Amino acid sequence: PDVVMMDINMPGMDGIVATERLLADVPSASVVVLSVQGEREYIHRAMLAGASEFVAKPFSANEVGAVIRSAYAHGKAKRERQVQSSAARGQLVTVAGTRGGIGRTTIAVNTAVALAARSGQPVGLLDGHLQFGDIGIRLNAPRDQLTLVDVAGDGEIVDPDLFDRARMQTPGGVYALLAPRRPEDADRVSHALFGSIIDAFASRLPVTLADTPAHLTDHALSLIERADVIVLVSTLALSSISAANGFLAVVERLDLAPGRIVLVGNRISPGNPVVKAD
């Protein structure tokens, strides 16, 4: 659908959850939220979920018509931006793994630094672990560095100048977009908005590395589905191999091409602190 009229108060599943799920499957759609007076908190939550317009009950036919036309125009512009962004986007390499402590973030950071050094071109590094990402710590980011959440507002990517200032540049040629400093700020970034941020960030660079959390959140799935290459990290422990097997089953259900996946067995040799990737 181009435009969806969504009531907030519905039995079984409310309009906010329905909006999130719908936009996860149809990100090009525009959602118009129907509400009653006094539901400002719900309206705000709906906007964070990705809704583009709202209309309060009772409403006239003219009001509804105007809102639908506005939502359609907004959605058309968004679809055009997505097509342009997708066409211009550089390669996206998503580093994934379904357990913590397996070296996923280290591999993402070190690979970005190595690629920038070897190619002499800028390389992107996106922290997709929105709640507890620590790429900023590893890159010694200043305390006042803008983060991913600072470029998000009201379901849109704000001023491009602000977006560019949020990209932290390292001396080695890596441009990083960091996770929010506070875990609760991750809730401010909807699934649809995060997809737009991924495309906008990756479109500015030839290659972008993206780190993900250890569990398959909606944000992690956005990075996995968009990836040109998925680097699946596992240790040689049976529990880690089993978790990697479960990840591959999820990828199969998503109908992603298996040729995108590179499996990395990460290990530490006894008595040798150097991490090796086989």
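The values are calculated or read from the model by the stated rules, or taken from the named source; none is laboratory data. Remember, it's a predicted structure, so these values are computed and weren't measured experimentally. Heads up, the Cβs are rebuilt from the backbone with ideal geometry, glycines too, and the neighbour counts pull from every protein chain shown. Please note that ligands, DNA and RNA were not included when accessible areas were found on the heavy atoms of the full protein model with its side chains. Shrake-Rupley method; radii C 1.70, N 1.55, O 1.52, S 1.80 Å.
Could you please find all residues in segment 98-130 being crowded, with 16+ Cβ neighbours inside 10 Å and assigned to a loop (DSSP other than H, G, I, E, B)? Scanning segment 98-130 gives Thr98, Arg99, Ile102, Gly103, Pro122, Gly128, His129, Leu130. When Arg104 is tested against (1) modelled with pLDDT of 85 or more; (2) basic (Lys, Arg); (3) touching a helix residue (DSSP H, G or I) at 6+ places or on another chain (Cβ under 9 Å), exactly one condition is not met: (3).
None of Leu216, Leu236 is open to solvent by 40 Å² or more (accessible area, probe 1.4 Å), of a type in the set (A, V, I, L, M, F, W, C), within 21 Å of Asp134 (Cβ to Cβ) and in a loop (DSSP other than H, G, I, E, B) except Leu216. Take Arg226 and decide whether it is modelled with pLDDT of 85 or more, open to solvent by 60 Å² or more (accessible area, probe 1.4 Å) and closer than 21 Å to Asp127 by Cα. Spelling it out, Arg226 is indeed modelled with pLDDT of 85 or more, open to solvent by 60 Å² or more (accessible area, probe 1.4 Å) and closer than 21 Å to Asp127 by Cα. Against the definition (within 22 Å of Leu23 (Cα to Cα) and surrounded by fewer than 16 Cβ atoms within 10 Å (Cβ to Cβ)), how does Val250 come out, yes or no? Against the criterion (within 22 Å of Leu23 (Cα to Cα) and surrounded by fewer than 16 Cβ atoms within 10 Å (Cβ to Cβ)), Val250 qualifies.
Just to be sure, is Val17 assigned to a strand (DSSP E or B) and modelled with pLDDT of 80 or more?
no
For segment 1-34, how many residues meet the condition of being open to solvent by less than 20 Å² (accessible area, probe 1.4 Å) and in contact with a helix residue (DSSP H, G or I) (Cβ under 6 Å, 6 or more places away or on another chain)? Number satisfying all stated conditions: 9. Scan segment 133-157 for residues that are modelled with pLDDT under 80, open to solvent by 40 Å² or more (accessible area, probe 1.4 Å) and among the aliphatic types (A, V, I, L, M) and the total you get is 1. The set of residues in segment 179-198 being touching a helix residue (DSSP H, G or I) at 6+ places or on another chain (Cβ under 7 Å) and either open to solvent by 20 Å² or more (accessible area, probe 1.4 Å) or more than 19 Å from Arg226 (Cβ to Cβ) (or both) consists of Pro180, Asp185, Arg188, His191, Ala192. Taken over segment 219-233, the residue count meeting the criterion of being in a helix (DSSP H, G or I) and among the small types (Gly, Ala, Ser) is 2.
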